[in-house]
């Protein structure tokens, strides 16, 4: 085990020893992963990399070793993926389900119906930090358990009402801490197939009577997990008590399986990102007819320049389409500077299925889809090396919006768009331009805007 969370100091910086241990591990993974096509693989970072103050250099080195990008997912996205993995790995049910996952740096609680998650929470409760803070050097005291359990209750307090008093058809725990706890309880004869609050209380008393975790846990658990076990059971018993759970089953599915099922879903009609885009359209009252028009126009323009601008990857087409559908969500906040409001929402909202890089791409495109444009406007958050592609996609989105400013289908039948590194040639007939003088004025203004970004935008007669 690398136990990345154990390397966080008081300032949430990762120490050199754990970084070296992590990079050595990832280097071995990299030997097997480099030749796997990107679309068939997904690598995610969770709570420790969300929390760390110095992750940039580590992530850059890790990505080089792996040969692939690392997605730093939000806590809510982690909870969603845990629900997907846990629900898919258990017998199917249409009833309400609740899943709990206690990790090294966070605890996820996910509820839903069937395979569809509905309520998701990620808490700053992890077995590594809890064990380090309240059970140093593996020494177990009654005071340590009291303080650890109190800390867990305090963290749970704001969210318990979302999950209490439900008639859950299934309640299960996922991942290492909970599976290890079930193994220990079974070995001790305290419970059989499920984890109970009574069995956990009995286990805690046994550990307290010994005073040292190593004297109690002799089987049912790997040696690497023993140091963080006390913090894990302190969290688990308080989660069960606060949520009113008497018995907890154990599932073999969790985050890893959820990532796999989600990855498979992206190649079918089960892509969670599509559901998220539709949900955001509804939440922010998007004019869907206008979104349809802008999306159609953007894809027509993309078809003409994809090869010349290296925009022929399916993912880029998806991102452009989603940006077209969501570029006006900022109108729900204010009409003035709405493109900036839209960009902020896209970068900072919880968007199930999207990783942070994808959200930054969307925010970069949408934030640059109107008004003055400079290459630096795409934003510092865009991954290095991808800002050029984002700028090109933003230009296509700008033109798509420009041709649909009247909010009615008036796209010219005869239109051509050609591009090279810094030149765009838009071909339109004089007769169409004469009939659409406002669009002509918009094009002339766009020529000035693109000039600021270093592009020569030419209008030619066809």
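The values are calculated or read from the model by the stated rules, or taken from the named source; none is laboratory data. The structure presented is a predicted model; accordingly, all values stated were derived computationally and were not measured. Please note: Cβ atoms are built from the backbone with ideal geometry, for glycine as well, and neighbour counts cover all protein chains shown.
Of all the listed residues (87, 106, 122), the sole one being in contact with a helix residue (DSSP H, G or I) (Cβ under 8 Å, 6 or more places away or on another chain) and within 21 Å of residue 168 (Cα to Cα) is 122. Residue count for region 51-80 under the criterion of being touching a residue at least 40 places away in the same chain (Cβ under 8 Å) and in contact with a strand residue (DSSP E or B) (Cβ under 8 Å, 6 or more places away or on another chain): the result is 14.
I'd like to check something: does region 181-188 contain any residue that is surrounded by 14 or more Cβ atoms within 10 Å (Cβ to Cβ), touching a residue at least 60 places away in the same chain (Cβ under 8 Å), in the same structural domain as residue 105 (by TED's automatic domain parsing) and out of contact with any helix residue (DSSP H, G or I) (no Cβ under 8 Å at 6 or more places or on another chain)? Yes, the conditions are met somewhere in region 181-188. Residues of region 436-453 that are modelled with pLDDT of 90 or more and more than 13 Å from residue 399 (Cβ to Cβ): 436, 437, 438, 440, 441, 444, 448, 451. Here region 416-441 is the region considered, the condition is being more than 36 Å from the chain's Cα centre (by Cα), without any contact (Cβ under 8 Å) to a residue 60 or more places away in the chain and outside any helix (DSSP H, G or I), and the residue that is surrounded by the most Cβ atoms within 10 Å (Cβ to Cβ) is 428. Could you tell me whether region 155-162 includes any residue that is in contact with a helix residue (DSSP H, G or I) (Cβ under 8 Å, 6 or more places away or on another chain) and either more than 23 Å from residue 118 (Cβ to Cβ) or at pLDDT below 90 (or both)? There is no residue in region 155-162 that is in contact with a helix residue (DSSP H, G or I) (Cβ under 8 Å, 6 or more places away or on another chain) and either more than 23 Å from residue 118 (Cβ to Cβ) or at pLDDT below 90 (or both).
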